[in-house]
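The values are calculated or read from the model by the stated rules, or taken from the named source; none is laboratory data. Note that the structure is a prediction, hence the values are computed from the model and not measured. Please note: Cβ atoms are built from the backbone with ideal geometry, for glycine as well, and neighbour counts cover all protein chains shown. Ligands, DNA and RNA are excluded from the accessible area calculation, which covers all protein heavy atoms including side chains. Shrake-Rupley method; radii C 1.70, N 1.55, O 1.52, S 1.80 Å.
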Amino acid sequence: IAELSELYKIFKQGQNEVMALKNINLKIYPGELVVIMGPSGSGKTTLLHVIAGITRPSAGNVTVNDLKVEKLKDEGIQDLLQNHIGMIFQFFNLIPTLTATGNVEMPMIVSKMPKIQRKERVQYLLKEVGMIERANHRPFALSGGEKQRIAIAQAFANNPELILADEPTGNVDSISAEKIMQYFKKALVDNPEKAMIIVTHDIVFRKIADRTLILRDGEIIKEYGRFSQDELDTQKNAKISDQIGE
Ligand code: ATP
């Protein structure tokens, strides 16, 4: 679904240069849930932004669904974000004047989906994230976890192949985090042709990650496969945290 090769990103700040990404090589396959962890400033958000075309790489290539992202013009990036990538941010990007329904429907209106189809899909998505009872609430009347679930439904609106999530459980309590994690897992089971890249510090995601990548100073310094149940035991969890460097 996505391929990054020899990817670099350098930010210039006056006289200073920050190498936010350094020789990243990565392939994301259908059905995969890839978790990215690493200390603050290690380049996690920059990596998601480069994949989404929001930030241009300084060197290297990004391909999403055969689209060469670094070469896309503005309309191409819009199409990428509208139809191929669903993004979920820590600071929910919901429109405050629209209800939950309106927010989930918005991307489908932009992509000119017929109304009947739209209404059906909004119902389906709200049901999936357990928010059907809150369909007519505006964001101010929703809790952090509920807003995040609406943001997730919105990201899935146009059925994108790739989901990018930046700290999706960063602002929610642990029960909501568990629900959000379960939803991501179910979405992949139901749609094995999709893939997800999740930046998180939250250990709940280790339970479902096919791969965990550790970034440090812009480089992938370690890669773990699926953790076994045994490794996820509290005792050994500490050891994993140690290795991850958090
Ligand atoms: P956090 O966990 O704190 O969100 P992160 O791992 O997501 O951190 P990034 O936000 O990707 O890290 O930042 C990587 C590096 O690039 C940091 O040193 C940051 O200061 C720098 N950086 C990010 N965006 C810009 C920008 N627009 N201009 C200049 N420097 C930037």
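Can you tell me the mean projection area, over all orientations, of the convex hull of the chain's alpha carbons? Units nm², please. Intermediate values should be presented prior to the final figure.
Details: hull surface 55.4 nm².
That works out to 13.8 nm².
With the crude spin-label approximation of a point 7 Å out along Cα→Cβ, what separation in nm comes out for K207 versus I10?
4.4 nm
Over what distance in Å are the Cα centres of region 89-142 and region 9-31 separated?
33 Å
In whole Hz, what ³J(HN,Hα) sequence does region 149-165 give by Karplus (6.51, -1.76, 1.60; θ = phi - 60°), x for Gly and Pro?
For region 149-165, the Karplus-derived couplings read 5, 5, 4, 5, 4, 5, 5, 8, 3, 8, 6, x, 6, 10, 10, 10, 10 Hz, x marking Gly and Pro.
Where the accessible area of region 4-152 is counted over protein heavy atoms with a 1.4 Å probe, how much of it, in %, is carbon and sulfur?
Numbers: 4020 of 7720 Å².
So the carbon and sulfur contribution to the accessible surface is 52 percent.
Find how much the distance from K185 to N25 grows on full extension, using 0.36 nm per residue of separation minus their present alpha carbon separation; answer in nm with one decimal. Kindly include the intermediate steps, with their values, before the conclusion.
Details: separation 160, 0.36 × 160 = 57.60 nm, distance 2.51 nm.
Residue separation times 0.36 nm, minus the Cα-Cα distance, leaves 55.1 nm.
For I132 paired with E223, estimate the spin-label separation in nm (one decimal), with each label point 7 Å from Cα along the Cα-to-Cβ line.
4.1 nm
So for region 1-113, averaging the separation of alpha carbon pairs under 8 Å that are six or more residues apart and normalising by length, what relative contact order in percent results? Please report the intermediate quantities before stating the final value.
Values: 133 pairs, mean separation 27.3, N = 113.
Normalised by residue count, the contact order of region 1-113 is 24 percent.
Might you report the magnitude of the Cβ-based charge dipole of region 13-91 about its Cα centre, with Lys and Arg at +1 and Asp and Glu at -1, to the nearest 20 debye?
On the way: 7 positive and 7 negative charges, 41 e Å.
Roughly 200 debye, rounded to the nearest 20.
Let me check against my output: what whole-number percent is the relative contact order of the chain, with C-alpha pairs under 8 Å and at least 6 apart?
Values: 458 pairs, mean separation 68.0, N = 246.
So the answer I get is 28 percent.
Show me 186-195, 96-105 ranked by packing, highest mean number of other Cβ atoms within 10 Å first.
Values: 186-195: 15.1, 96-105: 19.3.
Output ranking for 186-195, 96-105: 96-105, 186-195.
Based on the alpha-carbon gyration tensor of region 1-139 and its eigenvalue square roots a ≥ b ≥ c, which shape applies: rounded if a/c is under 1.5, prolate if not and a/b is larger than b/c, or oblate? Write down the numbers at each step before the final one.
On the way: a/c = 2.16, a/b = 1.87, b/c = 1.15.
Because a/c hits 1.5 or more and a/b exceeds b/c, region 1-139 counts as prolate.
May I ask you to evaluate 6.51 cos²θ - 1.76 cosθ + 1.60, the Karplus curve with θ = phi - 60°, for each residue of region 205-215 and list the ³J(HN,Hα) values in order in whole Hz, giving x for glycine and proline?
Calculated HN-Hα couplings, in order: 6, 5, 5, 10, 6, 6, 9, 10, 10, 10, 9 Hz.
When the dipole is taken about the Cα centre of the chain, and only Lys, Arg (+1) and Asp, Glu (-1) are charged at their Cβ, what size is it in debye, to the nearest 20? If you can, show how the numbers build up before the last one.
On the way: 31 positive and 31 negative charges, 104 e Å.
The dipole magnitude comes to about 500 debye.
Tell me the per residue accessible area of region 57-166 using a 1.4 Å probe; a whole number in Å² is fine.
Values: 5430 Å² over 110 residues.
Averaged over the residues of region 57-166, the accessible area is 49 Å².
DSSP loop (so not H, G, I, E, B), at most 15 other Cβ within 10 Å: list which chymotrypsin sites (Phe, Trp or Tyr not before Pro) in region 58-145 pass both filters.
Values: sites: F89, F91, F92, Y124, F140; in loops: F89, F91, F92.
Counting only loop positions with at most 15 other Cβ atoms within 10 Å, the chymotrypsin sites (Phe, Trp or Tyr not before Pro) in region 58-145 are F91.
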